[in-house]
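Each remark here refers to the structure printed beneath this line.
The values are calculated or read from the model by the stated rules, or taken from the named source; none is laboratory data. What you see is a predicted model, and the numbers here were worked out from it, not measured in a lab. Heads up, the Cβs are rebuilt from the backbone with ideal geometry, glycines too, and the neighbour counts pull from every protein chain shown.
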Amino acid sequence: MSAAAEIFPRAAKATRVADLRADFPALATQVNGKPLAYLDNAASTQRPQPVMDALRRYEVEMHANVHRGLHARSDQATAAFEGARKRTCAWLNAASAEEIVFTRGATESINLVARCMDARMGADSEILLTQMEHHSNIVPWQQLRERTGARIRVAPVLDSGALDLKALERLIGRNLKLIAVAHVSNAMGVINPVAEICRMARQAGVPVLIDGAQAAGHIPLDVQELGCDFYALSGHKMYAPTGIGALYARRPWLEEMPPFLGGGEMILEVRFDGTRYNAPPHKFEAGTPNISGAIGLGAAMDYLAAHGLERLAAIEHELLEYATERLDGIPGLRIIGTAAPKSAVVSFVMEDIHPHDLGTILDHEGVAIRAGHHCAMPLMERFGVPGTSRASFSFYNTRDEIDRLAGGIETARKLFG
Ligand code: PLP
């Protein structure tokens with residue numbers, strides 16, 4: 001058996017949510033003396049045992065530095081690391097594993113592209129974003145604006161939370177150099193029509209970067225079918241460890257773009273009068289990479305694939321429908337982002353209750369949600385709210401946990417009412 005095959009064992013097919021939950025030891029813990037109801041999955045998901053087992057096996061049996069050893073352990077670590085790259089390639093259906101660059105996460109993936117685009121930008125260049133972007137898909141472009149003078153255009157969001165696609169299309173003009181758009185809004189769960197956006201952009205010869213942080217563990221992906229140029233993802237939002245993520249970039253971009261960081265791994269030859277860079281993807285991976293993180297990411301993808309991402313997504317959709325129905329009935333509660341299709345996120349505001357107060361009351365009940373601006377301040381401004389409360393679900397959540405969420409909101413309503 002190859003080293004990669006040894007550390008990516010096929011997870012047994014679970015047929016019930018209870019079996020899936022049993023794979024996640026964190027879900028059996030208590031918080032504030034109550035069983036944990038973990039409804040903060042858009043911020044970070046919990047790790048299943050097969051991912052933790054793969055990490056442990058790597059640490060004990062395989063750890064060594066990659067790409068440079070002349071010994072068996074280094075060969076094994078390299079095979080496992082590169083196996084994870086192939087796994088990520090298959091997950092995204094990229095044309096080749098060389099189109100996958102490992103990064104620290106979606107934030108670094110987007111920064112990498114923004115940093116490497118300077119040569120294409122001038123004072124009349126435009127970057128098109130949307131009003132629902134995470135700060136990770138805003139600030140790197142503002143920094144690019146500071147360096148190059150390029151302008152940022154923003155496609156608006158409708159009252160339903162849907163992207164105003166017609167307005168976006170009108171913003172695709174002669175000077176547009178890139179569209180950067182979230183696949184799924186982290187603050188609302190609204191799924192954007194990214195294939196349609198890519199189609200419109202292609203007609204105008206404009207590249208598209210998709211911020212897939214909220215999509216990659218929940219929606220089956222095919223970057224070739226989508227037709228995007230770049231796709232960014234974070235491991236910790238798809239059941240893998242923190243500190244690992246990936247950037248998919250079409251090969252010609254990786255050839256054209258200059259390296260992001262300099263150092264070891266990304267070179268072929270270094271002399272004081274100049275350096276020859278390594279071929280992509282290594283050209284963009286300076287220094288010792290997060291080897292165990294990449295292996296954990298591969299193991300997480302294997303776990304999701306073994307259970308069937310479509311099947312897991314169907315469980316999440318059913319939870320979304322139940323939660324929407326339960327919360328919609330609570331007086332004074334307004335859901336922000338009602339447009340279909342949605343991923344399993346319910347973001348809401350309560351009359352007379354600050355999201356932070358609600359979050360604290362729920363925490364006392366063992367119910368973990370996120371409260372605040374969700375790193376999407378421009379979207380909060382669009383809806384005229386300082387922040388929202390956000391419950392975000394994974395296939396391992398249950399109706400009972402949603403009932404506890406609704407019960408906690410009712411308690412808060414009585415306290416503040
Ligand atoms: N983009 C979106 C839509 C997100 O939800 C997040 C994190 O919440 C990010 C980007 C940044 O991800 P990370 O912090 O893992 O780099």
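Table for the structure above
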item: Of residues in segment 242-251 being more than 30 Å from Pro25 (Cα to Cα) and assigned to a strand (DSSP E or B), the one nearest to the ligand (Cβ to nearest atom); result: Tyr248
item: Residue match in segment 141-148 (condition: surrounded by fewer than 16 Cβ atoms within 10 Å (Cβ to Cβ) and either among the charged types (D, E, K, R) or more than 16 Å from the ligand (Cβ to nearest atom) (or both)); result: yes
item: Residue tally, condition of a type in the set (A, V, I, L, M, F, W, C), more than 16 Å from the ligand (Cβ to nearest atom) and out of contact with any Phe, Trp or Tyr (no Cβ under 9 Å at 6 or more places or on another chain), over segment 74-116; result: 5
item: Pair list, Cβ under 8 Å, 6 or more apart: segment 105-121 residue more than 14 Å from Gln214 (Cβ to Cβ), other residue among the small types (Gly, Ala, Ser) and away from the ligand (no atom under 16 Å from the Cβ); result: Val113/Ala249; Met121/Gly149; Met121/Ala150
item: For Gly173: the one exception among (1) assigned to a helix (DSSP H, G or I); (2) more than 16 Å from the ligand (Cβ to nearest atom); (3) touching a residue at least 12 places away in the same chain (Cβ under 8 Å); result: (1)
item: Pairs, first surrounded by fewer than 17 Cβ atoms within 10 Å (Cβ to Cβ) in segment 295-314, second of a type in the set (Gly, Ala, Ser), C-beta under 7 Å, six or more apart; result: Ala306/Ala11
item: Filter result for Ser160 (within 16 Å of the ligand (Cβ to nearest atom) and either closer than 30 Å to Phe348 by Cα or among the polar types (S, T, N, Q) (or both)); result: no
item: Hey, Gly189 within 11 Å of the ligand (Cβ to nearest atom) and not charged (D, E, K, R) or not; result: yes
item: Count of residues meeting criterion [closer than 21 Å to Ile219 by Cα, in a helix (DSSP H, G or I) and in contact with a helix residue (DSSP H, G or I) (Cβ under 6 Å, 6 or more places away or on another chain)] in segment 81-105; result: 9
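To keep it simple, each residue is scored yes or no on (1) of a type in the set (A, V, I, L, M, F, W, C); (2) at pLDDT below 95; (3) away from the ligand (no atom under 12 Å from the Cβ); (4) not in a helix (DSSP H, G or I).
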site	(1), (2), (3), (4)
Ile197	yes, no, yes, no
Ala215	yes, no, no, yes
Glu225	no, no, yes, no
Ala232	yes, no, no, yes
Ala240	yes, no, no, yes
Trp253	yes, no, yes, no
Glu265	no, yes, yes, yes
